[in-house]
Amino acid sequence: MSRGGWEGLAQVQCGLITRAQLVGCGVNRWAVRHRIDSGRWLELTPTVVATTTGPLSREQLKWLGVLHAGGDALLGDLTAAEHLGLRSWTRDHVTVLVTKDATPGVVEPVVFVGTRHPLKALARRGSELPCAAIEPAVLMFAARQRSARTADGVLAAAVQQRLTTPADLLDWIDRLRPLRGAPRMRSVLAEIGGGAHSVAELDLGRMCRAHRIRRPDRQVRRRDATGRMRYTDGEWRLADGRTLVLEVDGAFHMDVEHWEDDLARARALTRPDRLVVRCTSREVRDEPETVARDLIALGVPRA
């Protein structure tokens with residue numbers, strides 16, 4: 001059995017290799033069967049074998065999906081985004097993009113998603129593991145979501161984590177025509193381009209439009225009483241010359257450690273000419289009229 005060729009290829013592919021690749025390296029099917037029967041290799045699918053034993057790692061699962069599908073198959077959706085560095089959006093399954101008429105069968109925990117877009121045009125250049133670029137990955141995922149908040153959130157996260165820009169995402173929306181939900185995505189990306197870095201900040205912008213409140217300045221750099229640089233969620237200049245700062249707290253802010261940290265943050269940001277008030281992301285989403293009423297009472301100007 002020739003070792004140099006197949007071993008190097010398997011190493012690149014996290015220990016996985018297809019039967020066709022083995023044949024190309026001069027390894028016949030009898031030699032493959034002997035390795036499997038002796039327990040040195042594992043048959044994962046009719047087309048893919050593992051040259052290692054034991055449970056598959058996350059990276060091996062990604063390779064399994066792409067190698068089994070074959071052709072120009074790519075990691076897609078949140079799996080591609082995860083592979084490219086997106087944090088806090090991981091799913092247990094692995095998503096692989098295939099051509100619309102492909103029939104790869106069932107391979108747990110891989111989900112095969114068919115697309116009419118040319119796979120080569122979606123691919124990220126320079127990736128050893130075939131993978132969609134971040135823009136088509138998150139946009140195609142967002143387009144299939146029933147929840148608008150999920151769709152909005154993944155776009156905001158990709159930009160906030162500096163994996164892409166609103167301009168690049170807008171360019172890809174045009175390239176992916178027709179794309180379900182494209183008008184909403186364009187609107188959301190306009191908000192993100194204006195400084196909204198989370199779903200809560202997008203909800204804040206919608207609240208302001210709905211209740212005719214002037215849009216706040218967002219992600220303003222402020223040095224607190226300790227000298228630490230902070231970024232505020234939203235600020236308004238009031239008629240009396242003071243600044244009102246609104247801090248929007250997500251669910252994770254409710255545990256004791258984060259709650260105390262946020263209290264200290266608000267205290268450190270407060271000045272005689274700067275008022276800091278807080279609300280939760282749930283309030284902005286579900287009770288925007290209440291938040292808007294309180295802000296207006298505090299002097300926030302109308303649009």
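Each value in this text was obtained by applying a stated rule to the coordinates, not by laboratory testing. The structure presented is a predicted model; accordingly, all values stated were derived computationally and were not measured. Please note: Cβ atoms are built from the backbone with ideal geometry, for glycine as well, and neighbour counts cover all protein chains shown.
Which FRET efficiency value, to the nearest 0.05, do you get for Arg278 and Arg58 by plugging their Cβ-Cβ distance into 1/(1 + (r/R0)^6) with R0 = 35 Å?
0.40
Full-extension gain between Ala210 and Ser127, please, as 0.36 nm times their residue separation minus the C-alpha to C-alpha distance.
25.5 nm
If we sort 72-78, 87-93, 104-110, 126-132 on the protection proxy, mean other Cβ atoms within 10 Å, highest first, what's the order?
Values: 72-78: 23.3, 87-93: 11.7, 104-110: 14.1, 126-132: 18.0.
Those peptides, ordered most packed to least, come out 72-78, 126-132, 104-110, 87-93.
Relative to the first principal axis of the alpha-carbon coordinates of the chain, what is the inclination of helix 288-297, with its axis defined by its Cα atoms, in degrees from 0 to 90 and to the nearest 10?
In the chain, helix 288-297 runs at an angle near 30 degrees to the longest axis.
How high is the FRET efficiency from Asp224 to Glu289, r the C-beta distance, R0 35 Å, rounded to 0.05?
Once rounded, the FRET efficiency stands at 0.65.
Nearest 500 deg cm²/dmol is fine: what mean residue ellipticity at 222 nm does the chain get from its DSSP H runs of n ≥ 4 alone, each adding -39,500 (n - 2.57), divided by its residue count?
-13000 deg cm²/dmol
Going through region 101-195, which trypsin sites (Lys or Arg not before Pro) have at most 15 other Cβ atoms within 10 Å and a DSSP loop state?
Arg116, Arg125, Arg144, Arg146, Arg162, Arg180
Chymotrypsin sites (Phe, Trp or Tyr not before Pro) within region 5-85: which are DSSP loop residues with at most 10 other Cβ atoms inside 10 Å?
none
Separation of region 68-103 and region 227-241 by C-alpha centroid, Å?
Answer, in whole Å: 41.
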